[in-house]
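The values are calculated or read from the model by the stated rules, or taken from the named source; none is laboratory data. The model shown is predicted, which means the values in this text are computed figures rather than measured ones. Cβ atoms come from the backbone with ideal geometry, glycine included; neighbour counts cover every protein chain shown. In case anyone asks, the SASA skips ligands and DNA or RNA and just uses the protein heavy atoms, side chains included. Shrake-Rupley method; radii C 1.70, N 1.55, O 1.52, S 1.80 Å.
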Amino acid sequence: MVEKKLYYTMGEVAEMFDVKASLIRHWESKFSCLRPHKNKKGNRLFSADDIERLKQIYHLVKERGMTLEGANKVMRASAKAADL
């Protein structure tokens, strides 16, 4: 069970998804919905909402085999639907 925290570090997030930090940074550059906070040192700090978005991205890309472009379309569509 993962403890509930306000923010998670890049290392913690990479460990949660069993991926390298570089992959998460790459996804951050490709998905506009993924914008973690950065502290004064520039370290990324991920909120619970960021983790949920990463779960969706991971599912679409790694488990369903979608391209980043296809996953991005799905993420944008679900964000629009949530706004309605």
* Structure fact -> Of the residues in segment 28-68, those that are of a type in the set (F, W, Y) and without any contact (Cβ under 8 Å) to a residue 40 or more places away in the chain number 1
* What is the residue count in segment 50-84 for residues that are in a helix (DSSP H, G or I), over 14 Å from E28 (Cα atoms) and not basic (K, R)? -> 11
* Restricting segment 38-55 to residues that are open to solvent by 90 Å² or more (accessible area, probe 1.4 Å) and among the basic types (K, R), which is nearest to S78 (Cα to Cα)? -> K55
* Within segment 53-66, is there a residue that is under 17 Å from K80 (Cα atoms) and hydroxyl-bearing (S, T, Y)? -> no
* Structure fact -> Within segment 1-37, the residues that are over 22 Å from S78 (Cα atoms), among the aliphatic types (A, V, I, L, M) and surrounded by 13 or more Cβ atoms within 10 Å (Cβ to Cβ) are M10, V13, A14, M16, V19, A21, L23
